[in-house]
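What follows is a single structure, written as structure tokens, with notes after it.
Please treat every number below as a calculation from the coordinates, not as lab data. Predicted model only: the values in this text are computed from it and were never measured. Reconstructed Cβ throughout: ideal geometry from the backbone, glycine too, with neighbour counts over all protein chains shown.
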Amino acid sequence: MDVTNIAKSIQLVQSNQYQCTICNHTFTATSSLKVHMRVHSNEKPYSCSVCEYTSNQLSNLKTHNLTHTKEKPFECNMCKHKCSTSSNLRVHMRVHNSESPYNCMLCNYKCKHLVHLKQHNSLIHSDNKPLGDYKWSTSSNLNPHLRNNSKEKLYKCSFCDHKYIQLHRLQQHLLKHKDGKVFKCSTCNFKCGQATGLKRHLMIHTKEKPFECTVCDYKCNQLISLKKHLLTHTDERPFQCLSCNYKCKSASSLRKHTIIHSKGKVYVCLLCKDELNSPSELREHVKVHNES
């Protein structure tokens, strides 16, 4: 769009209001409207002196420049965490409050960050779509979809008590009973029964870490590791001792704690029934039997 056409798109709607005739946005100043028109003309007059980034607004360029200077001028007044932009600081503040603005369309899941919602959808609803996106020719086609979007577990394993909402989840589970480790790593001898398991394993070789913390620079290759890490930014302690009021952030810490209630004897040697305080002590103890 040339300058002449842009000028024609500026229309005075009423006193102190200027309207874009392309998208009907209104502004109180012609300068604001001219900046807005760059959206339609794709004009980006502001360029970064370090890289090839260009922008249609000076404020965007200033924000971008912080990526090169590593400057973080926005500081949390509760934990001193620093961010490069005010929007990142607003996202960070959700750690300190109960705000969970992102809702799953298929279940009641809510979260504080968009990346967590995307991870939830890919892991939990990988084969599902919102009801509005489906079309069925017959009611028989509708029934499987309704099952997928419900909590009813209709598919039961014939070898154990596991039940699943979706048939393909049961099929994946059955591989465990058949020792069906059909997915093999091309780099090492690792084998597993699920494609997702192999995909997670390959990240060890590629050093890929797709799960990122939105509060700090932590990255990892498993969602469960990210969930454990996120607990370090909160006061949440989901693991509770059944014998006392002790709470902690990890299952391993809880296991160590339970030794207190069992008089420190929880690891039993299968050869002589001796009780040991820890896995390391048990391993050293078993060596005695192997040497004798």
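Results, tabulated for the structure shown:
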read-out	value
Asn189-Lys62 FRET efficiency (beta carbon distance; Förster radius 51 Å; 0.05 resolution)	0.45
Spin-label pair Val288/Tyr164, simplified geometry with 7 Å Cα→Cβ offset, distance in nm	4.6
Prolate/oblate/rounded label for the stretch 40-80 (Cα gyration tensor, a/c 1.5)	oblate
Amide H within-cut-off set for Tyr109, under 5 Å, with H built and near neighbours excluded	Cys104
Residue-wise HN-Hα coupling along the stretch 242-255, computed from phi with Karplus coefficients 6.51, -1.76, 1.60 (Hz; x: Gly, Pro)	7, 9, 8, 8, 5, 10, 8, 9, 9, 5, 5, 5, 5, 4
Residue-wise HN-Hα coupling along the stretch 36-41, computed from phi with Karplus coefficients 6.51, -1.76, 1.60 (Hz; x: Gly, Pro)	4, 5, 5, 5, 7, 8
Long-range amide H partners of Tyr18 with built H, under 5 Å	Val13, Phe27, Thr28, Ala29
Residues whose placed amide H lies under 5 Å from that of Asp274, excluding near-sequence neighbours	Cys269
Dmax and Rg, reported as Rg then Dmax, of the stretch 178-233 (C-alpha, Å)	13.7, 42
Surrounding net charge for Pro101, when Lys and Arg each add one and Asp and Glu each subtract one, Cβ distance under 12 Å	+3
Hydrodynamic radius (Kirkwood) for the stretch 72-119, which is based on Cα pairs only, to one decimal in Å	11.7
Phi-based couplings in Hz for the stretch 198-210 (Karplus 6.51, -1.76, 1.60; Gly and Pro marked x)	5, 4, 5, 5, 4, 5, 5, 7, 8, 6, 5, 9, x
